[in-house]
Amino acid sequence: MFNDPSDRFLHDSSRAPARYQPRVHWVSLLLAWALVFVLVWTLIGPANGTPRAPLHNPDAKAREVSPPTDLSADELATIKVFSEASPSVVYVTSTELRRDIFNLNVFEIPRGAGSGFIYDRDGHVVTNFHVIQAGTRWIVTLADQSEWEALLVGAEPDKDVAVLKIDAPADGLKPLAIGTSESLRVGQKVLAIGNPFGLDRTLTTGVVSAIGREIVSVSGRKIRDVIQTDAAINPGNSGGPLLDSAGRLIGVNTQIASPSGASAGVGFAVPVDTVNAIVPDLIRHGRVIRPGLGVTLHEDWIPRRLGVPGVLIDKILEGTGAAEAGLRGTTIDHRGYIRELGDVILKVAEQDVRTVNGLKDALERFNAGDIVRLTLLRGENVIETDVRLQLLK
């Protein structure tokens with residue numbers, strides 16, 4: 001039927017595969033064995049079958065390199081500070097556990113990352129509250145790249161400070177040297193170490209640009225005596241240490257002033273004196289123990305709606321300084337209506353207060369046992385009275 005032999009294989013599909021398929025099969029098999037041989041050769045080694053050394057040996061000690069001898073004294077000092085302080089700086093990642101609504105599987109969602117530093121050999125790590133606030137699980141990465149799951153010990157949103165704890169061996173933890181922020185001067189050299197944009201342990205330097213600044217925390221409260229610096233602080237630096245030229249902690253980097261979200265030469269750090277006043281309470285109690293009047297307060301919108309220019313007292317706690325001083329709370333009937341207005345706090349030691357946060361800020365200047373003079377609006381009369389502050393747990 002076909003005169004051209006080549007036509008026979010074009011039209012007879014039953015014969016062509018039977019004649020040529022084995023040849024394709026053996027070629028594929030040879031190529032597969034060649035690929036396996038190359039992979040084995042790469043992993044095992046060329047001649048004696050000795051496994052190759054890994055690309056990164058975590059047990060191998062890093063080669064110590066001495067800095068050049070012709071550097072300036074200032075450069076050598078900076079190198080020394082970074083070398084000694086950087087092992088104390090950690091990387092903090094925050095995730096949130098969520099359950100899939102379709103299959104009920106639990107999965108993790110990244111919620112943020114930042115920096116922190118080793119506070120003591122018990123494994124306490126200090127960072128910013130806003131670094132960890134959105135998460136339910138936290139991982140701390142140490143300078144040796146080991147990762148540790150952390151527990152939240154306590155937090156103070158009003159000062160943007162939080163304390164985590166890891167169960168790492170004490171001999172592998174190097175706490176930072178703690179300095180003071182009270183004696184800082186504008187122009188003093190500072191160094192910031194952190195993980196900007198996720199880059200491991202980056203150093204930036206600058207000076208103290210200003211002191212005594214005020215910024216607003218994530219809770220809406222003011223943080224006072226904040227340090228302003230021109231050392232570059234970018235996303236990821238939050239929670240990292242601000243050091244003086246001797247390598248001592250003088251602040252915790254917390255915010256930047258920038259319309260773009262990147263460093264514009266205006267960074268802020270919570271002063272170390274504030275941190276030192278907060279962290280021991282967080283470790284011991286899980287929260288900050290502050291002196292108070294011994295009252296509960298109405299939210300700000302209630303006195304505003306009533307046309308009252310101050311902070312309205314709700315209840316007086318028994319056995320407190322407020323009870324001893326005869327302060328009056330608000331009386332509410334069984335239907336929830338105000339029957340008699342309580343005392344309205346107008347001033348604390350001559351400082352005007354108009355909001356609950358303003359009252360808390362005014363009381364922060366005092367200690368437990370101090371007697372403060374309050375100016376109150378009671379009915380239509382303005383009176384003054386002294387109240388002894390006490391620790392309220």
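Which residue pairs have Cβ atoms under 7 Å apart, sit 6 or more places apart or on different chains, and have a first residue in the stretch 121-136 that is at positive phi and a second that is of a type in the set (Lys, Arg)? From residues that are at positive phi, the pairs are Gly123/Lys165.
Looking at this structure, is Arg304 free of Cβ contacts under 8 Å to residues at least 12 places away in the same chain and outside the structural domain of Val252 (by TED's automatic domain parsing)? Can you show your working first?
Details: free of Cβ contacts under 8 Å to residues at least 12 places away in the same chain: yes; outside the structural domain of Val252 (by TED's automatic domain parsing): yes.
It is true that Arg304 is free of Cβ contacts under 8 Å to residues at least 12 places away in the same chain and outside the structural domain of Val252 (by TED's automatic domain parsing).
Taken over the stretch 163-204, the criterion of being over 20 Å from Ala232 (Cβ atoms), without any contact (Cβ under 8 Å) to a residue 40 or more places away in the chain and small (Gly, Ala, Ser) is satisfied by Gly172, Ser183. When the stretch 86-111 is filtered for residues that are modelled with pLDDT under 75, surrounded by fewer than 16 Cβ atoms within 10 Å (Cβ to Cβ) and part of a strand (DSSP E or B), the ones remaining, listed by number, are Leu97, Arg98, Arg99, Val106, Phe107, Glu108, Ile109, Pro110.
One line per residue, one yes/no per condition, for (1) within 21 Å of Val90 (Cβ to Cβ); (2) at pLDDT below 95; (3) hydrophobic (A, V, I, L, M, F, W, C); (4) not assigned by TED's automatic domain parsing to the domain that holds Thr93:
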residue: Asp200; (1), (2), (3), (4): yes, yes, no, yes
residue: Ser209; (1), (2), (3), (4): no, no, no, yes
residue: Val216; (1), (2), (3), (4): no, yes, yes, yes
residue: Leu243; (1), (2), (3), (4): yes, no, yes, yes
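Exactly one residue out of Ala368, Ala349 is assigned by TED's automatic domain parsing to the domain that holds Lys315, of a type outside the set (Phe, Trp, Tyr), modelled with pLDDT under 90 and within 27 Å of Lys159 (Cα to Cα): that is Ala368.
Residues checked against (1) hydroxyl-bearing (Ser, Thr, Tyr); (2) in a helix (DSSP H, G or I); (3) modelled with pLDDT of 60 or more; (4) under 17 Å from Ser245 (Cα atoms):
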residue	(1), (2), (3), (4)
Pro58	no, no, no, no
Val65	no, no, yes, no
Pro68	no, no, yes, no
Thr78	yes, yes, yes, yes
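Taken over the stretch 245-267, the criterion of being modelled with pLDDT of 90 or more and either charged (D, E, K, R) or not in a loop (DSSP other than H, G, I, E, B) (or both) is satisfied by Arg248, Leu249, Ile250, Gly251, Val252, Asn253, Thr254, Gly267. If we scan the stretch 278-286, do we find a residue that is among the β-branched types (Val, Ile, Thr) and closer than 16 Å to Asn128 by Cβ? So far as the stretch 278-286 goes, yes, one or more of its residues are among the β-branched types (Val, Ile, Thr) and closer than 16 Å to Asn128 by Cβ.
Working only within the stretch 129-181, note down all residues that are in a loop (DSSP other than H, G, I, E, B), among the small types (Gly, Ala, Ser) and either touching a helix residue (DSSP H, G or I) at 6+ places or on another chain (Cβ under 9 Å) or closer than 20 Å to His285 by Cβ (or both). Working first, answer last.
Start the filter on the stretch 129-181 by keeping residues that are in a loop (DSSP other than H, G, I, E, B), which leaves 133-136, 142-146, 160, 166-169, 173-177, 179-181.
Then keep just the ones that are among the small types (Gly, Ala, Ser); that gives 134-135, 143, 146, 168, 177, 179, 181.
Listed by number, the residues that qualify are Ala143, Ser146, Ala177, Gly179, Ser181.
The C-beta contact set for the stretch 319-341 (first residue closer than 14 Å to Gly294 by Cα, second residue surrounded by fewer than 14 Cβ atoms within 10 Å (Cβ to Cβ) and basic (Lys, Arg), distance under 8 angstrom, 6+ apart or interchain) is empty. Per the listing Val279, Val270, the residue uniquely assigned to a strand (DSSP E or B), of a type outside the set (D, E, K, R) and crowded, with 17+ Cβ neighbours inside 10 Å is Val270.
For every residue, the table says whether it meets (1) among the aliphatic types (A, V, I, L, M); (2) in contact with a His (Cβ under 9 Å, 6 or more places away or on another chain); (3) loosely packed, with under 15 Cβ neighbours inside 10 Å.
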position: Ala113; (1), (2), (3): yes, no, no
position: Val131; (1), (2), (3): yes, no, no
position: Thr136; (1), (2), (3): no, no, yes
position: Ala143; (1), (2), (3): yes, no, no
position: Trp148; (1), (2), (3): no, no, no
position: Ile166; (1), (2), (3): yes, yes, no
position: Pro196; (1), (2), (3): no, no, no
position: Thr205; (1), (2), (3): no, no, no
position: Ile215; (1), (2), (3): yes, no, no
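Lys360 falls short on exactly one of the conditions (1) over 16 Å from Leu392 (Cβ atoms); (2) among the basic types (Lys, Arg); (3) within 37 Å of the chain's Cα centre (by Cα), and that condition is (1).
The values are calculated or read from the model by the stated rules, or taken from the named source; none is laboratory data. Since the model is a prediction, treat every value here as computed from it, not as a measurement. Backbone-built Cβ (ideal geometry, glycine too); neighbour counts: all protein chains shown.
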